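Taking it in order: structure first as structure tokens, then the write-up.
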Amino acid sequence: MVDYLYLKDSINTFKQNYKFLKTFSIGKSVLNNEIYCLKFGVGKKEVLYTAGIHANEFITSLLLIKFTQNLCNAYISNTPIYGYDAKDLYDNCSLYIIPMINPDGINLVNDFYSEDSKIYYDALNISKNFPDIPFPSGWKANINGIDLNSQFPANWELGKELKSNLGFNKPSPRDFAGYTPLSEPESKALYNFTLLKNFSLCLCFHTQGEVIYWRYEDYLPTNSLEIAKEFAHVSGYELEDTPYNSSFGGFRDWFIQNFNKPSYTIEVGKGENPLPIEQFNKIYHDNLGVLVLGCVL
Ligand SMILES: [Zn+2]
């Protein structure tokens, strides 16, 4: 089970084993869970990896937790990771990893809340308006029924309109952009944290499709296509343009618009969300090169 408790347990183990790994919170969720960030390295180049913004895509949280663990083990044992010296990565890069932006939603999909709790009852009520979406396995939103990755001020109004036209005009299991941008504590925390930093690259992990979305509108940050091609090469994933209906209001969209720096949505795995845990080893294997090269390129 990859839920908030799993994340907390992993972080406690990391604190004991990896004194060099910094852990802090960038803010709290609706239900007061911490949105944890892990920092590996002391280098000048700042890089951000995010996962678990969509509830039923929690396998991406596991991807970043396992990567952190293997990166730290490589650093301790002085062994290479994907052919790169972990000590060099540590010295040259400051890697910020946020494995679980949506802990409340991820808990819901993992059956953490009992069926007689108010939290479960409220979510179920939201879900009843969308009988075609399975509950809770089809849930992508935060616990308020707002899609955190549709909340960012990058053509937010247009994104909201496109999704309203598809019926997502009120709290929903997925795709409702909210009544105002950044209304939710999770999206606001990610936004504020990102503004404090000087990230030269950002990776946003989602499921599914084995594709990489690299573009936002006509922005073309320096090297963004070259890096995208390298990521496609090492992962075997295809480069694609974001589907029009999902093209606006995402964290990555805002990141590119605001900073004009490369940022990628990596849609890992293939199948129906939530992807079965049996896919994890392949997902990890496919994405290790991307995860390491993100600190280097
Ligand atoms: Zn997603």
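Points worth noting:
- Contact map, region 199-210: first residue over 16 Å from Gly294 (Cα atoms), second residue part of a strand (DSSP E or B) and away from the ligand (no atom under 15 Å from the Cβ), Cβ cut-off under 8 Å, separation 6 or more or different chains; pairs are Glu210/Glu238.
- Residue satisfying all of: in region 47-80; over 10 Å from the mean Cα position of the chain (by Cα) and part of a loop (DSSP other than H, G, I, E, B); farthest from the ligand (Cβ to nearest atom) among these: Asn78
- In region 123-161, the residue that is nearest to the ligand (Cβ to nearest atom) out of those that are of a type in the set (D, E, K, R) and in a loop (DSSP other than H, G, I, E, B) is Lys140.
- For region 7-16, the count of residues that are within 16 Å of the ligand (Cβ to nearest atom), buried (at least 23 other Cβ atoms within 10 Å of the Cβ) and part of a helix (DSSP H, G or I) is zero.
- Taking region 19-34 as the range and being at negative phi, in contact with a strand residue (DSSP E or B) (Cβ under 7 Å, 6 or more places away or on another chain) and surrounded by fewer than 24 Cβ atoms within 10 Å (Cβ to Cβ) as the test, the residues that pass are Leu21, Lys22, Thr23, Phe24, Ser25, Ile26, Lys28, Glu34.
- Ile35 being in contact with a helix residue (DSSP H, G or I) (Cβ under 9 Å, 6 or more places away or on another chain) and either within 23 Å of Arg174 (Cα to Cα) or free of Cβ contacts under 8 Å to residues at least 40 places away in the same chain (or both): yes
- Leading residue by the ranking (surrounded by the fewest Cβ atoms within 10 Å (Cβ to Cβ)) among those in region 252-269 that are in a loop (DSSP other than H, G, I, E, B) and either among the basic types (Lys, Arg) or in contact with a helix residue (DSSP H, G or I) (Cβ under 6 Å, 6 or more places away or on another chain) (or both): Lys261
- Candidate set from region 270-297 (those that are under 27 Å from Thr79 (Cβ atoms) and either in a loop (DSSP other than H, G, I, E, B) or of a type in the set (Lys, Arg) (or both)); member that is farthest from the ligand (Cβ to nearest atom): Val296
- Some residue of region 94-108 being within 16 Å of the ligand (Cβ to nearest atom), over 23 Å from Phe193 (Cα atoms) and not β-branched (Val, Ile, Thr): yes
No value in this document is a laboratory result; all are computed from the given coordinates. None of the values given here were measured: they were computed from a predicted structure. Backbone-built Cβ (ideal geometry, glycine too); neighbour counts: all protein chains shown.
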